[in-house]
Amino acid sequence: MLTAITREVSPGLARCELTHLKRRPINLKAAIRQHRAYCQCLAQLGCNLIALPAEPGLPDSVFVEDAAVVLDELAVITRPGAESRRGELAAIEEALTPFRQIERIRAPATLDGGDVLHAGSTLYVGITSRTNRQGVAQLREIVQPHGYRVKSVSVTGCLHLKSACTFVGQETLLINRGWVDEELFGGWNLLDVDPAEPAAANALLVGETIVYPTAYPRTRSLLEDHEFIVKTVDNTELAKAEGGVTCCSLILSS
Ligand code: GLY
């Protein structure tokens with residue numbers, strides 16, 4: 001059985017952190033509607049939803065992925081690189097405690113869950129403005145005893161590693177090679193996003209289905225040509241806050 005932890009969109013979303021995007025008006029009602037449809041999609045795919053209430057004082061708190069790295073054996077509460085996001089951790093830890101042993105990343109390390117790409121027994125970790133080398137080292141120390149390898153990856157041009165590359169099943173990574181050095185990903189099949197859709201590499205695998213933004217029809221066709229099962233969601237409003245489909249849930253087997 002799968003559990004998905006989500007958090008409702010903050011009414012303070014307009015004050016979100018932005019790193020690579022210019023601030024544009026966000027339609028809060030539409031963002032809430034789109035996020036509800038995303039949650040329904042997860043439920044239709046068999047997830048038991050734990051929906052945390054909105055946090056008006058935490059603009060980015062809908063992006064629960066950044067607060068934790070959840071593996072079968074344990075959950076690692078992160079230390080987000082943006083100070084404004086550190087208040088997000090307590091509720092996520094509370095939600096995860098019934099399911100997993102909890103470990104924590106500690107200062108001066110920083111780590112955003114969006115920088116951690118789990119593929120097989122490897123955790124690829126992006127070095128970005130949010131995740132530093134101490135974060136990678138601490139994560140390695142925590143997960144190595146459980147049989148995971150941790151490899152650091154340089155990322156340029158986007159917020160998180162998972163903006164540039166995600167695991168989509170069938171031994172395949174969906175990737176924008178312009179934002180990440182693909183050399184480290186030997187052993188996986190690499191499927192390139194359509195060049196007209198540089199932000200299209202963020203895809204969320206739930207069971208056998210890829211939850212995928214409506215905004216990238218060309219890359220969606222590529223995925224379907226390769227016989228992936230794709231279910232689309234509209235996340236155009238949260239995308240203005242630099243959030244993708246992986247960002248809005250923590251999915252764990254329970
Ligand atoms: N707005 C998402 C983030 O910067 O973390």
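The values are calculated or read from the model by the stated rules, or taken from the named source; none is laboratory data. Just so it is clear, the structure is predicted and the values come from calculations on it, not from any experiment. Here Cβ is always computed from backbone atoms with ideal geometry, including for glycine, and neighbour counts include all displayed protein chains. To get the accessible areas, we keep the full protein, side chains included, count just its heavy atoms, and leave off ligands, DNA and RNA. Shrake-Rupley method; radii C 1.70, N 1.55, O 1.52, S 1.80 Å.
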With of a type in the set (G, A, S), over 21 Å from K231 (Cβ atoms) and in contact (Cβ under 8 Å) with a residue 60 or more places away in the chain as the only criterion, which of G157, G178, G126, G187 stands out? G157
Among what's in region 9-43 and is within 16 Å of the chain's Cα centre (by Cα) and away from the ligand (no atom under 15 Å from the Cβ), pick the residue that is surrounded by the fewest Cβ atoms within 10 Å (Cβ to Cβ). C39
Take the conditions within 14 Å of the ligand (Cβ to nearest atom) and open to solvent by 70 Å² or more (accessible area, probe 1.4 Å) and apply them to E83. Does it pass? yes
List the number of the failed condition for A91; all other conditions in (1) closer than 26 Å to C165 by Cα; (2) touching a residue at least 40 places away in the same chain (Cβ under 8 Å) hold. (1)
Can you tell me which of (1) buried (at least 21 other Cβ atoms within 10 Å of the Cβ); (2) free of Cβ contacts under 8 Å to residues at least 12 places away in the same chain is the one V136 doesn't meet? (2)
For residues that are more than 14 Å from E141 (Cα to Cα) and in contact (Cβ under 8 Å) with a residue 24 or more places away in the chain, tally how many sit in region 103-122. 12
From the list G135, G114, exactly one residue is in a helix (DSSP H, G or I) and within 17 Å of I251 (Cα to Cα). Which is it? G114
Tell me yes or no: at least one residue of region 44-66 is open to solvent by 30 Å² or more (accessible area, probe 1.4 Å) and on the phi > 0 side of the Ramachandran plot. yes
Which listed residue is in contact with a helix residue (DSSP H, G or I) (Cβ under 6 Å, 6 or more places away or on another chain) and of a type outside the set (A, V, I, L, M, F, W, C), from S61, S10: S61
Identify the single condition in (1) within 16 Å of the ligand (Cβ to nearest atom); (2) more than 15 Å from the chain's Cα centre (by Cα); (3) assigned to a strand (DSSP E or B) that G126 does not satisfy, given that it satisfies every other one. (2)
Any residue in region 223-236 that is within 16 Å of the ligand (Cβ to nearest atom), of a type in the set (S, T, Y) and in contact (Cβ under 8 Å) with a residue 24 or more places away in the chain? yes
With respect to R133, is the statement that it is charged (D, E, K, R) and under 27 Å from S10 (Cα atoms) true? no
Strands (runs of 3 or more DSSP E) within region 1-98 that include 3 or more residues closer than 19 Å to I210 by Cα: 2-7, 47-52
